Amino acid sequence: MSGTVQQYRESGPGFAEGEVIDRIEAFRRRRPRLREERITLAHGAGGKSSQALVDAVFLEAFRNPALADLGDGAVLAPPGGQRIAVSTDSFVVSPRRFPGGSIGHLAVHGTVNDLAMAGAVPAWLTAAFVLAEGLEIAELKEIVADMASAAAEAGVTIVAGDTKVVPQGAADGVYITTTGVGSVPDGRTLSAAAVRPGDRVVLSGFMGDHGMAIMLARGDLAIEADIRSDTAAVAGAVADLLAAAPSTRWLRDPTRGGVGTVCNELAVASGLGVVLDEEALPVRPVVAGACEMLGIDPLYVANEGKFLAVLAPDEVDAGLAALRAHPLGADAVVIGSVTAEPADTVVLRTGFGGTRIVDTLVGDPLPRIC
């Protein structure tokens, strides 16, 4: 891609195509602006609309150094104590139970995984429930049992909580918010600022399973396929990776917005480029087929049990071996690399030998997937 851009810059007459390309690249680097007057579903999709909402409303009001990185969690240093990571997340998935999991599983896995992406060892969770009048107690017990099982498997304890009930019609059954706390081992720092040209981008397994499982479980489409959500707690796999590849630069779980959006977040935060290899992207054939029928790019479909890692070149083999030895990383693969150019941009190298830009997700093809 960088070679193609350079050719345009050098070969065009007069103002040249290169000048136009420079303007396009400059425009793409700008953070999106909030132009809507009312909230839309796109504001919860994790893409450009979400970024605009966060920038204009939440970051504007709450701005502080800990929040500035806009990660899924914050690493804090209490006076005289070990560093801790804190993360909070809300879960509104529809349907509440789907092949491979439930809202109860997601409420634990989602927050525990955000802590793991900060390099933390998850320890405690709090849970808050918004219940709609009319929700069956039997269903609530099943959801809570799923949470208890997921917490036990993840090695975390649910230590506090809150419950609110709203009138029928004011909420869709049950919404859950969990907050997690974990400890960050001394000397461990994960940041986009540590990423360097030549680093490799690793994905821990097949992408798109969760989003497609949710879409088909809704039953609105005449498509039948055996697709199960990948929801899982990945802290164990992350621990194995970091033990084998201690110079790991950066981690992120590609939930809302998928791999494509998260790679764009990496490119912008690091000021570097990310080049993905289309033929290396791991997608199950059944997921790829469902995405094709729906006109959805798997790069933008959510995952709940996978993560992206940027590894130093000399630790890639050791990191991959450690991941593949773990049940949740058996299908881990290098999907791309970090480059100096094109800066702030994600490029996909296609199977035909060409390239195309992978932009941040626009809109919301799959609302309420977590």
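Where does the chain land on Rg/Rh, using Cα atoms and the Kirkwood Rh? Show your work: numbers first, answer last.
Working: Rg = 20.8 Å, Rh = 21.4 Å.
Ratio value, two decimals: 0.97.
Using amide H atoms built in the peptide plane, which far-off residues or other-chain residues are under 5 Å from L308 H to H?
Amide H neighbours of L308: R252, D253.
Compute the angle between helix 235-244 and the longest alpha-carbon principal axis of the chain, please, reported from 0 to 90 degrees and rounded to the nearest 10.
It is inclined by approximately 40 degrees.
Amide H neighbours of W124 under 5 Å, at least 5 residues apart or on other chains, H built in the peptide plane: list them.
T157, V181
Among F91, A154, T126, which residue has its Cα positioned farthest towards the positive end of the charge dipole of the chain, with +1 placed on the Cβ of Lys and Arg, -1 on the Cβ of Asp and Glu, and the dipole taken about the Cα centre?
Of F91, A154, T126, it is T126.
Compute the Cα gyration tensor for region 240-361, then decide on rounded, prolate or oblate, letting a ≥ b ≥ c be the square roots of its eigenvalues: rounded whenever a/c is under 1.5, prolate when a/b is larger than b/c in the other cases, and oblate in all that remain.
oblate
Report in % the part of the accessible area of region 164-266 that belongs to carbon and sulfur, leaving out ligands and nucleic acids; probe 1.4 Å. Can you show the working numbers first?
Values: 1840 of 3940 Å².
After summing per-atom areas, the C and S share lands at 47 percent.
For region 295-351, which trypsin sites (Lys or Arg not before Pro) are both in a DSSP coil and crowded by at most 12 other Cβ atoms within 10 Å?
Hits after loop and neighbour filter: nothing returned.
With both bridge residues required to lie in the chain, what share of the DSSP beta bridges run antiparallel, to the nearest 5%? All intermediate terms of the calculation are to be shown ahead of the outcome.
Details: 41 of 54 bridges.
DSSP beta bridges in the chain are roughly 75 percent antiparallel.
Counting GluC sites (Glu not before Pro) as exposed when in a DSSP loop with at most 16 other beta carbons within 10 Å, what is the longest stretch of the chain free of them?
Values: sites that count: E36, E37, E133, E136, E224.
The answer is 225-370.
Using a 1.4 angstrom probe, figure out how much accessible area the chain has per residue, in square angstrom, rounded to the nearest whole.
47 Å²
Apply the Karplus curve 6.51 cos²θ - 1.76 cosθ + 1.60, θ = phi - 60°, to the phi angles in region 173-181 and return the couplings in whole Hz, x for Gly and Pro.
Values, residue by residue: x, 8, 10, 10, 10, 10, 10, x, 10 Hz.
For region 78-144, with only Lys/Arg (+1) and Asp/Glu (-1) charged at the beta-carbon, what is the dipole magnitude about the Cα centre, in debye rounded to 20?
Taking the Cα centre of region 78-144 as origin, the dipole is about 220 debye.
Can you give the angle from 0 to 90° between the axis of helix 285-294 and the longest principal axis of the chain, with both taken from C-alpha atoms, to the nearest 10?
80 degrees
Determine ³J(HN,Hα), in whole Hz, for all residues of region 158-171 in sequence, where each value follows from phi through the Karplus function 6.51 cos²θ - 1.76 cosθ + 1.60 and θ = phi - 60°; x replaces Gly and Pro.
8, 10, 7, x, 7, 9, 10, 10, 10, x, 4, x, 7, 8
How big is the dipole moment of region 247-335 about its Cα centre under a simple scheme where the beta carbon of each Lys and Arg is +1, that of each Asp and Glu is -1, and everything else is neutral? Debye, nearest 20, please.
In debye, rounded to 20, region 247-335 gives about 260.
The values are calculated or read from the model by the stated rules, or taken from the named source; none is laboratory data. In this text, all values refer to a predicted model and were calculated from it rather than measured experimentally. With ideal geometry, Cβ positions are generated from the backbone for all residues, glycine too; neighbour counts draw on all protein chains shown. For the accessible areas, the whole protein counts, side chains as well, though only heavy atoms, and no ligand, DNA or RNA atoms are used. Shrake-Rupley method; radii C 1.70, N 1.55, O 1.52, S 1.80 Å.
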